[in-house]
1. Give the residue from V108, N80, S127 lying farthest towards the positive end of the charge dipole for segment 53-191; charges sit on Cβ (+1 for Lys and Arg, -1 for Asp and Glu) and the dipole is referred to the Cα centre.
2. Which net charge results for the neighbourhood of L101, defined as the other residues with beta-carbon distances under 13 angstrom from its beta-carbon, given Lys and Arg at +1 and Asp and Glu at -1?
3. Can you compute the charge dipole magnitude of segment 7-202 about its Cα centre, using +1 on each Lys and Arg Cβ and -1 on each Asp and Glu Cβ, nothing else charged? Give it in debye, rounded to the nearest 20.
4. Out of all DSSP beta bridges with both ends in segment 7-202, state the antiparallel percent to the nearest 5.
5. I need to check one value: relative contact order of segment 7-202, counting alpha carbon pairs closer than 8 Å and at least 6 residues apart, in percent.
6. For segment 7-202, with equal point scatterers placed on the C-alpha atoms only and solvent neglected, what are the log10 I(q)/I(0) values from the Debye formula at q = 0.10, 0.12 1/Å, to two decimals?
7. Between the DSSP loop rule and a limit of at most 12 other Cβ atoms within 10 Å, which trypsin sites (Lys or Arg not before Pro) in segment 48-133 are left?
Amino acid sequence: MGKRKDHYYKKAKQEGYRSRAAYKLLEIQKRFKIFRKGDRVVDLGCAPGGWLQLIAGEVGPNGRMVGVDLQKTRPLGSGNVELIRGDITSPEVQSRIRQALGGEAHVVTSDLSPNLTGIRFQDHMRSCELVKTGLAVARELLKPGGIFLAKVFQGEELDGVVRELKDEFGEVRRVVPTASRKASSEIYLLAKGFAGAEESTQNH
């Protein structure tokens, strides 16, 4: 635990964020302005809620957020945030997300992470699978022109994942926030300008 108590871990405790991951998203937001007032946002793998806390402030009271995780997430006490506990690949869960959003999503974020084995290639492959799972959900929920942001571990399959995103989005960037741990191989893929479900289906 000692190693985890770095600058961002302590800062999160001091500033009331539920996780240090909030600072990664804050940096991405400052650089790329992915959330706007009134946006509808889906956060996949939302527990413990650090990203939701930050997104709530960015989209404001007229925005709408749905957080989904297999684990229980403590309520944020905000009327525009709905928490759903369940498997994001389940059609029933996706239907509940749609209902809770009240329209198509402007942004889908995914901080999904595999259960780490310590075997780098295996962890990388599993994280790529999770990005593709997140993309499948985003494909169902995003409005044309929408944004998808996903965490992934670097490795030999990453270029293939980026190509898959480029089939469906106008612009794809690889982003490494300074708040990421130095030893971590994680990066974030920021995909902007979703082509729309019909067009992306035709591309496959």
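1. Final value for the positive-end residue is N80.
2. Details: positive: R40, R64, R96, R98, K143; negative: D39, D43, E82, E104, E140.
Taking every other residue near L101 into account, the sum is 0.
3. Numbers: 31 positive and 24 negative charges, 207 e Å.
For this selection, approximately 1000 debye.
4. Working: 13 of 32 bridges.
Taking every DSSP beta bridge within segment 7-202, about 40 percent pair in antiparallel fashion.
5. Working: 376 pairs, mean separation 35.2, N = 196.
It comes to 18 percent, rounded to a whole number.
6. -0.37, -0.54
7. Details: sites: R64, K72, R85, R96, R98, R120, R126, K132; in loops: K72.
Qualifying residues, ordered by number: K72.
The numbers here are math on the coordinates, done by the rules we state, and not lab data. Since this is a predicted model, take the numbers as computed values, not measurements. As a convention, Cβ positions derive from the backbone with ideal geometry for all residues, glycine included, and neighbour counts pool all protein chains shown.
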